[in-house]
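Colleague: Can you keep this structure in mind? I'll have questions shortly.
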Amino acid sequence: MNREFIEKLENNPVIAAVKDDKGLEKALKTECEIIFILYGDICNISDIVEEIKSDGKVAMVHMDLIAGLGSGKDVAVDYIKNTVKADGIITTKGSLIERANQLGMYTVLRYFVIDSMALVNIEKQDRHGIAQPDVIEILPGIVQPKIIKKINSISKVPVIAGGLISDREDVMNALNNGVLAVSSTNEAVWEL
């Protein structure tokens, strides 16, 4: 686990998740230290990351959402580290976490908590020696408190919540029930 990344999340538990240039412009004006990049392609992702990093913020690229990267290849992680110069990756693919860890990147493994199989998959990932991310992100972030507590009990890494986080109440509910941080594309949440 990358302690530096965890400390950044502890110090500033609201993560700006951006899905276009307009959102990026607004996120850069906030106190959010970490920005999740949920858009772009192989031609412009370097510029997006450079803009974030030049503002002193952490740039996390969602590998699954960048057009032209291909799917699930270690070389794509190498590209994001060596060419794009991102601080870390977000992905739903556990296989990419291992390569990112080897490269010293921050890592977020996303899980969609839509049924009990998601809980089984989280537990399986922890038990079977699959590369551990720095944190897991559960979506939607407004899941029931008892589900957050269950995930915290089976996960060996801290949990963040994302998706459908729309106001202070959603943020506080997630944080009060054991998540380390929340990510949101809702610009009003970035100002909390």
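Colleague: Report which label in (i) 24, 21, 14; (ii) 41, 20, 11; (iii) 31, 19, 14 holds the value of semi-axes √(5λ) of the Cα gyration tensor in Å derived from the coordinates of this structure.
Modeller: (i)
Colleague: Same structure, new question: Through the Karplus equation 6.51 cos²θ - 1.76 cosθ + 1.60, θ set to phi - 60°, convert the phi angles of region 87-93 into ³J(HN,Hα) values in whole Hz; use x for Gly and Pro.
Modeller: 6, x, 10, 10, 7, 9, 9
Colleague: Now a separate question. Could you please state how large a percent of the accessible area of the chain is carbon and sulfur, counting protein chains only and using a 1.4 Å probe?
Modeller: Roughly 48 percent, rounded to a whole number.
Colleague: Full-extension gain between LYS124 and ARG3, please, as 0.36 nm times their residue separation minus the C-alpha to C-alpha distance.
Modeller: That works out to 41.2 nm of additional length.
Colleague: Here is a follow-up. Can you give me the C-alpha center-to-center distance between region 64-121 and region 128-173, rounded to a whole angstrom?
Modeller: 17 Å
Colleague: On to the next question. Run the helix sum for the chain: -39,500 (n - 2.57) per DSSP H stretch of 4+ residues, divided by residue count, reported at 222 nm to the nearest 500 deg cm²/dmol.
Modeller: Mean residue ellipticity at 222 nm (helix-derived): -11000 deg cm²/dmol.
Colleague: Tally the DSSP beta bridges in the chain and give the antiparallel ones as a percent, rounded to 5.
Modeller: In the chain, DSSP labels about 0 percent of beta bridges as antiparallel.
Colleague: Same structure again: What whole-number value in Å² describes the accessible area per residue of the chain for a 1.4 Å probe?
Modeller: Ligands and nucleic acids excluded, the result is 47 Å² per residue.
Colleague: To two decimal places, what compactness ratio does region 35-103 give when its Cα radius of gyration is scaled by 2.2 N^0.38 Å?
Modeller: 0.98
Colleague: Taking N as the number of residues in region 95-162, what value does Rg over Cα atoms divided by 2.2 N^0.38 Å take?
Modeller: Relative to the 2.2 N^0.38 Å estimate, region 95-162 comes out at 1.06.
The values are calculated or read from the model by the stated rules, or taken from the named source; none is laboratory data. Nothing here was measured: the structure is a model prediction, and the numbers come from that model. Quick note on the areas: whole protein, heavy atoms, side chains included, nothing else; ligands and nucleic acids left out. Shrake-Rupley method; radii C 1.70, N 1.55, O 1.52, S 1.80 Å.
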